[in-house]
Amino acid sequence: MGKILLSILLVFALANGALGEAPKKVTLATLTDFAPYCFAKDKAVFIPVEHIPPGSDSLQLQGYSWDVVRESFHAMGYIVRLLVVPWERGTHYLANGKVDFVFPANKTVEREKKDYVFSEEYVDQIETVIYMQRDENFAWRGLDSLDGLSIGFVRGWAYGKHWEGADRIVKESTDSILQGFEMLGKGRLFGFAGYKRPYDHVLKTTGQTHLYKIVGQFDTIDEFLMGRRADGDNRQLLQAFDEGKRKIRENGILQQIEEKWQQ
């Protein structure tokens with residue numbers, strides 16, 4: 001009799017969700033040298049993998065893009081499993097199925113050819129610009145005015161389809177934003193293609209703002225979550241992010257994030 005009663009109680013418990021469902025999780029990778037979008041907190045200690053449930057935040061990462069992605073998934077009840085790594089390693093993890101998505105990523109011809117999928121809602125928007133030495137006398141007429149000139153860019157970063165199509169520019173890769181400005185300052189580059197706010201942040205924090213100037217903007221780009229088309233669960237996770245982003249737009253959280261990070 002006791003066993004029968006226990007079985008009945010177990011059935012009712014399962015029917016009413018008393019045992020609880022398995023927690024919803026999403027695994028993300030992002031970078032830390034992309035202020036004010038994704039960058040390290042002051043005096044943060046590196047944590048290989050963080051598990052961040054709704055209502056909590058990363059101990060090491062901060063930024064506009066991180067706040068948008070975290071709050072969007074938390075609004076849908078997801079635990080975020082976070083890996084903070086260099087961008088190229090993050091895309092390697094994505095290709096090998098170690099993470100569900102990397103962010104923030106913009107759509108390029110190359111990425112779409114590789115069967116990557118993107119969220120409908122964007123994570124952030126960036127302005128792509130060209131920097132030159134402060135005393136350079138240059139007449140900007142768009143990317144065409146850079147034909148035949150040596151222009152740097154950070155390896156692994158995407159600068160949009162206009163940049164991809166500018167095949168008459170001599171494009172020189174650099175390992176970092178700081179290295180690119182060093183090469184520009186030494187005359188090894190004529191110009192440096194960049195994301196305005198992150199690059200300006202590096203110049204400000206290193207005291208080099210007075211050395212360089214922006215000669216022109218060549219694109220404004222939306223950035224998204226990026227995942228592999230081959231991963232069957234991605235559609236559901238992307239829909240969760242999109243719905244979560246709409247929720248935080250409606251409830252005012254997105255506005256709070258924008259006010260927090262506006263300059």
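The values are calculated or read from the model by the stated rules, or taken from the named source; none is laboratory data. These numbers were taken from a predicted model, which means no experiment stands behind them. A quick note on method: Cβ atoms are made from the backbone with ideal geometry, for glycine too, and the neighbour counts reach across all protein chains shown.
General remarks:
- Note on the range 88-126: among residues that are among the polar types (S, T, N, Q) and under 15 Å from Asn234 (Cα atoms), the one that is modelled with the highest pLDDT is Ser119.
- The range 35-48 residues that are free of Cβ contacts under 8 Å to residues at least 60 places away in the same chain, paired with ones that are surrounded by fewer than 10 Cβ atoms within 10 Å (Cβ to Cβ) and not in a strand (DSSP E or B) (beta carbon under 6 Å, 6 or more apart): none
- Within the range 233-255, tally of residues that are modelled with pLDDT of 95 or more and surrounded by 13 or more Cβ atoms within 10 Å (Cβ to Cβ): 15
- Residue check for Arg70: part of a helix (DSSP H, G or I), basic (Lys, Arg), out of contact with any helix residue (DSSP H, G or I) (no Cβ under 8 Å at 6 or more places or on another chain) and at pLDDT 95 or above: yes
- Criterion violated by Gly194 - all others in (1) modelled with pLDDT under 95; (2) within 20 Å of Tyr64 (Cα to Cα); (3) crowded, with 18+ Cβ neighbours inside 10 Å satisfied: (1)
- Strands (runs of 3 or more DSSP E) lying entirely in the range 81-171 (those with 2 or more residues that are within 15 Å of the chain's Cα centre (by Cα) and over 23 Å from Lys213 (Cα atoms)): 101-106, 116-118
- Residue within the range 201-223 that is assigned to a strand (DSSP E or B), of a type in the set (S, T, N, Q) and crowded, with 18+ Cβ neighbours inside 10 Å present: no
- Look at the range 226-242: where a residue is farther than 20 Å from Ser65 by Cα and assigned by TED's automatic domain parsing to the domain that holds Lys114 and a partner is outside any helix (DSSP H, G or I) and β-branched (Val, Ile, Thr), sitting 6+ places away or on another chain with Cβ atoms under 6 Å, you get Arg229/Val117.
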